[in-house]
Amino acid sequence: MNHSSPKPKSAHKNAEAIKPVEPASQKDPQGVDYRTMPQGADESRMQILLIEDHPLVAIGLVGCIKLIEASAEILRVDNASDARNIYNRESPQLVILDLFLKDGDGHELLDFFRSSRQKSRTVIFSGNASEGVIRDCLERGAAGFIPKGADQKEITRALEVVINGGSYTPPTSMHTAELRSVPRQSREENKIYLQSIYPITNQQFKVLEYALIGKTNQVIAENLGLATNTVRNHMSKILEIMEVKNRSELVYKVSRLNFLISYDLES
């Protein structure tokens, strides 16, 4: 009679292995959630460090992130100590930071991230969205500020803006209002400002510039060295992002932003 232990059933070949992130201290093993990362997966995928001590809030944020970066590797911690250790060890491209943690001040973490040699971008996610707090975070190097009272649409848009290299502040904040009231002085200022509000890519911005002076998709394609279908796809995305139906509405909406219309796009 064979008394040997039965062999374990092999996992489905498409199943993903769950790889735990080791906590900085064994005294607090619950301080770090698990990350889902398939074995043999592309290590170059975007890595995001989520620092949030409310599990339900964290779950909601993960859902918003996955709408933008479905393959992102998300590391979630709920305290400042593990945040520092994992930040140093993993080098995430993006950090989402709750200012108020059970074991530390998020402002201190923001200063820590800014002083690091790493090139991570940090976006603040906080229930305190006063003008003073927003301005202080931006001055400390934050790439954006998202109020916890924001809905899923705003949170997703804000994250997309920051992931694409822009800076985001709440539409109702004085910081955004001040930017809107100042006439743009250059094409670069146009781009910086527009990308602080909408998740427009650099290539989409170039297409937009030509569209604003009445160029057709074919002419835009010739000037930018793109296929006409590519330009058409960019225009469709621009209209969707800026929530307008056609080019006329697009021009009207942009004109209200003190946007500098450049007719010399070859310079």
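Radius of gyration and Dmax for the range 182-255's Cα atoms, expressed in Å?
Considering the range 182-255 through its Cα atoms, Rg and Dmax are 11.7, 35 Å.
Could you work out the local net charge near Val231, counting Lys and Arg as +1, Asp and Glu as -1, over the other residues with Cβ closer than 14 Å to its Cβ? Intermediate results must be reported in sequence, preceding the final value.
Numbers: positive: Lys206, Lys215, Arg232, Lys237, Arg247; negative: Glu209, Glu222.
Within the 14 Å Cβ shell, the charges total +3.
Could you check the simple spin-label distance between Gln203 and Lys66, using points 7 Å along Cα→Cβ, in nm with one decimal?
Placing both labels 7 Å beyond Cα along the Cβ direction yields 2.8 nm.
Which residues does the label zone of Ser236 cover in the range 197-219, counting backbone N under 15 Å from a point 7 Å along Cα→Cβ?
217
From the alpha carbon gyration tensor of the range 59-203, can you work out the equivalent ellipsoid semi-axes (sqrt of 5 times each eigenvalue) and give them in Å, largest to smallest?
Gyration-tensor ellipsoid for the range 59-203: 24, 17, 15 Å.
Every number here is computed from the coordinates shown, using simple stated rules; none is lab data. What you see is a predicted model, and the numbers here were worked out from it, not measured in a lab. Positions of Cβ are backbone-derived with ideal geometry, glycine not excepted, and every protein chain shown enters the neighbour counts.
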